[in-house]
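Shown next, in structure tokens, is the structure this report addresses.
The values are calculated or read from the model by the stated rules, or taken from the named source; none is laboratory data. What you see is a predicted model, and the numbers here were worked out from it, not measured in a lab. Counting neighbours? That spans all protein chains shown, and the Cβs are built from the backbone with ideal geometry, glycine included. Ligands, DNA and RNA are stripped out before the accessible areas are found, and what is left, the full protein with its side chains, is counted by its heavy atoms. Shrake-Rupley method; radii C 1.70, N 1.55, O 1.52, S 1.80 Å.
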Amino acid sequence: MVAYSHLYLSFWNRRSLSLLIVGFIVGVCLTQMLILSTPSRHEYLPYDKLGEEGPAADVVAHQHTNENVSISKRLSNEVRVLCWILTSPKNHKSKAIHVKRTWGRRCNKLLFMSSKLDEELGTVTLTAQEGYNHLWGKTKEAFKYIYAHHLNDADWFFKADDDTYAVMENMRYMLYPYSPETPIYFGYKFKYYGKQGYMSGGSGYVLSKEAVRRFVEKALPNKDICRENNGGFEDVEMGKCLEKVNVTAGDSRDQYARNRFFPLDVEEHMVPKDICYWTYIYYKVDENAEPLSDSAISFNNVSPNQMYVFEYFIYHLRPYGINNTLESLPERLKVGQTLPPPVAQSLAIEMNSTTQKL
């Protein structure tokens, strides 16, 4: 009986091994067939074709026949803004070109500051070195170039990175009351490194014509005012220099004290997570207030693909049945004058007010 049991087990062991080998071979073959027959994920996810470098052409370029842009055109003529983009050769095709195809075309003049010539972008080639540790040197060279060649081409001068997205209509609306002869600049204000703080480089900052004059004529030539070497944080050094030549760090918040420049992802500002970041904010944050202004101006950390997403949501998507009534433009201020500080409005109060109107 024992002998027969041994032979029986031996038979089934050999059979199991054979079945295992056959199963493995069949499994490999089926896997290969599946790989060959299954379409690439790019074939059924069209947006993924764009990749990290964005689309090859503008994907949201259609026009609206029933849109009234008369006030926008008026502001473009009366509040001229030169935009200059801090970029580098490796980002020309992957980032900077998408700025040119989207929000950059709404600037009165658009310049790309780099260390290499790019005819498609129309870059200004600077002698400053590339790299994060040389941003201050590059910024100084860029403003010197603008002062020498384009000071009279605009009233305001907006510096942005190649991953910044800006709504130029809202920027002009904010700047409209101010005289470009007032020494002032705007952005997202951080505290420290000076009495009046400094503006975040990521979300961009915009200088008046007089601020540019003072920076180039008075601040840069004086080593006691501006840092001579190229080290240091570009936005911090800019803040230090401008404060020493009496350029005011303006308040860019709207009438309800809501921010309009955003140095982080828009999601991070709507649902804050980074506790350390909030300790740097210049203005006290009201937890009951809405964080983002309806007239937001700039966003940072925007990928090439997101540039076109922003274009669609801001300039093309229209909820049917909702018509916005434009507020009248504010009165012009005299040279040296600034608007009074805004008053924060509780989100609960604003929502109740809206409900009562309905």
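Think of the stretch 131-253 as a dipole: +1 on every Lys or Arg Cβ, -1 on every Asp or Glu Cβ, centred on the Cα centre; then among I146, L135, Q196, Q196 lies furthest on the positive end.
Legend: P(r) of the stretch 195-297 from all alpha carbon pair distances, 10 Å bins from 0, whole percents, reading 13, 42, 29, 14, 1. Calculated on the Cα set of the stretch 57-169, radius of gyration then Dmax: 14.9, 48 Å. Once all protein chains are placed together, T125 keeps about 80 Å² accessible to a 1.4 angstrom probe. Of the chymotrypsin sites (Phe, Trp or Tyr not before Pro) found in the stretch 237-325, those in coil by DSSP whose Cβ has at most 11 other Cβ atoms within 10 Å are Y320. Under the combined filter of DSSP loop state and at most 11 neighbouring Cβ atoms within 10 Å, the stretch 208-272 retains these trypsin sites (Lys or Arg not before Pro): K223.
Is the C-alpha gyration tensor of the stretch 293-335 telling us rounded, prolate or oblate? Criteria: a/c under 1.5 is rounded; beyond that, a/b larger than b/c is prolate, otherwise oblate. Oblate is the answer for the stretch 293-335, as a/c is 1.5 or above yet b/c matches or exceeds a/b.
When a/c is below 1.5 the answer is rounded, else prolate if a/b is larger than b/c, else oblate, so apply that to the stretch 159-198 with a ≥ b ≥ c taken from the square roots of the Cα gyration tensor eigenvalues. Please report the intermediate quantities before stating the final value.
On the way: a/c = 2.45, a/b = 1.16, b/c = 2.11.
Oblate.
Which GluC sites (Glu not before Pro) from the stretch 259-321 combine a DSSP loop assignment with at most 15 other Cβ atoms within 10 Å?
Within the stretch 259-321, the qualifying GluC sites (Glu not before Pro) (loop, at most 15 other Cβ atoms within 10 Å) are E287.
With every protein chain in place and a 1.4 angstrom probe, the accessible-area ranking of E228, E119, E327, largest first, reads E119, E228, E327.
Size of the dipole of the stretch 214-308 about the Cα centre, Lys and Arg at +1 and Asp and Glu at -1 on the beta carbon, nothing else charged, in debye to 20? Computed charge dipole of the stretch 214-308: roughly 400 debye. Could you compute the FRET efficiency for A57 and K218, with r as their C-beta to C-beta distance and R0 at 45 Å, rounded to 0.05? The value I calculate is 0.50.
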